[in-house]
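The values are calculated or read from the model by the stated rules, or taken from the named source; none is laboratory data. Computed from a predicted structure; not experimentally measured. Positions of Cβ are backbone-derived with ideal geometry, glycine not excepted, and every protein chain shown enters the neighbour counts. Just so you know, the surface numbers come from the protein's heavy atoms only, side chains and all, with ligands and any DNA or RNA stripped out. Shrake-Rupley method; radii C 1.70, N 1.55, O 1.52, S 1.80 Å.
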Amino acid sequence: MGQPVASGAARPPTLGKAMLNKYARAFFTRVLTPFASFLIRRGVSPDTVTLIGTAGVVAGALVFFPQGEFFWGTIVITLFVFSDLVDGNMARQLGRSSRWGAFLDSTLDRVADGAIFAGFALWYAGGGDDIALCAVSIFCLASGQVVSYTKARGESIGLPVAVNGLVERAERLVISLVAAGLAGLHAFGVPGIQYLLPVALWIVAVGSLVTLIQRVVTVRRESAEAEAEAAEAAEETAGEAQPGAGSNGAARTSENASRGSEAAK
């Protein structure tokens with residue numbers, strides 16, 4: 001889930017980048033380089049690692065979370081997050097940088113995100129017995145996909161979508177998974193900590209809504225500015241295409257005024 005991409009191929013932050021800061025990534029990249037080299041020698045491709053990593057995240061979310069096993073589910077997801085570093089390391093060693101890698105990476109990231117919040121929704125629809133939190137989890141799932149879509153769609157029509165939203169993908173994942181992992185400690189006898197996950201889901205839901213509004217407003221503004229610039233450029237082009245129009249019009253006006261003056265005499 002983290003292959004380097006060709007220049008100009010935009011992609012959102014991956015799950016691994018969302019959960020690891022740049023210093024931690026640098027450390028784990030050095031640690032995982034021998035393992036990446038081993039996989040290369042075995043003929044394993046970066047795309048295969050990406051697929052396995054996503055499958056691990058999906059399994060961790062949809063097997064453990066619906067049973068209320070938030071601690072172990074988060075542990076499993078975190079372990080497979082390291083595939084995000086391994087496949088990127090492999091791609092760099094192989095000198096591969098492609099738009100296909102960017103596409104696969106981004107697509108599978110959406111699958112992983114959906115699985116995480118679907119796991120929460122399934123728990124609250126079942127053993128968690130809280131229909132309101134089930135609805136909040138579903139809203140987090142849907143809004144996260146739409147937030148990502150608005151940026152991708154805006155960029156596809158030539159707009160920069162230059163806005164840093166309140167709660168983007170990295171924040172959604174870190175807030176949700178950290179809260180889930182800590183909430184899972186309730187099973188080990190830590191009192192009151194189970195309430196962290198509901199609070200986190202409400203924060204993500206509200207933040208995602210605000211971020212969606214921010215992006216829609218930004219796209220609307222940038223679209224209006226682009227259309228205004230296009231109209232202004234078209235007017236300038238039309239004016240340059242008729243270089244004598246202004247002087248000829250002024251000459252005709254002067255001639256008509258002169259004729260009127262003679263008629264008055």
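Things worth noting here:
- Helices (runs of 4 or more DSSP H) enclosed by region 73-170 - at least 2 residues per element that are of a type in the set (Lys, Arg): 99-125, 131-156
- For region 142-171, the set of residues classified as of a type in the set (Lys, Arg) and crowded, with 21+ Cβ neighbours inside 10 Å consists of Lys151, Arg169, listed by residue number.
- Qualifying residues in region 210-231 (those that are closer than 16 Å to Glu171 by Cβ and in contact (Cβ under 8 Å) with a residue 60 or more places away in the chain) - the one surrounded by the fewest Cβ atoms within 10 Å (Cβ to Cβ): Leu212
- Out of Gly192, Gly184, Gly239, one residue alone is over 29 Å from Ala121 (Cα atoms) and open to solvent by less than 80 Å² (accessible area, probe 1.4 Å). It is Gly239.
- Subset of region 51-73 that is buried (at least 17 other Cβ atoms within 10 Å of the Cβ) and under 21 Å from the mean Cα position of the chain (by Cα) - its residue that is nearest to Asp109 (Cα to Cα): Thr54
- Test: residue in region 82-95 that is on the phi > 0 side of the Ramachandran plot and either surrounded by fewer than 16 Cβ atoms within 10 Å (Cβ to Cβ) or over 19 Å from the mean Cα position of the chain (by Cα) (or both): yes
- When each of Phe120, Phe139 is tested for being on the phi < 0 side of the Ramachandran plot, among the aromatic types (Phe, Trp, Tyr) and open to solvent by less than 50 Å² (accessible area, probe 1.4 Å), the lone residue that passes is Phe120.
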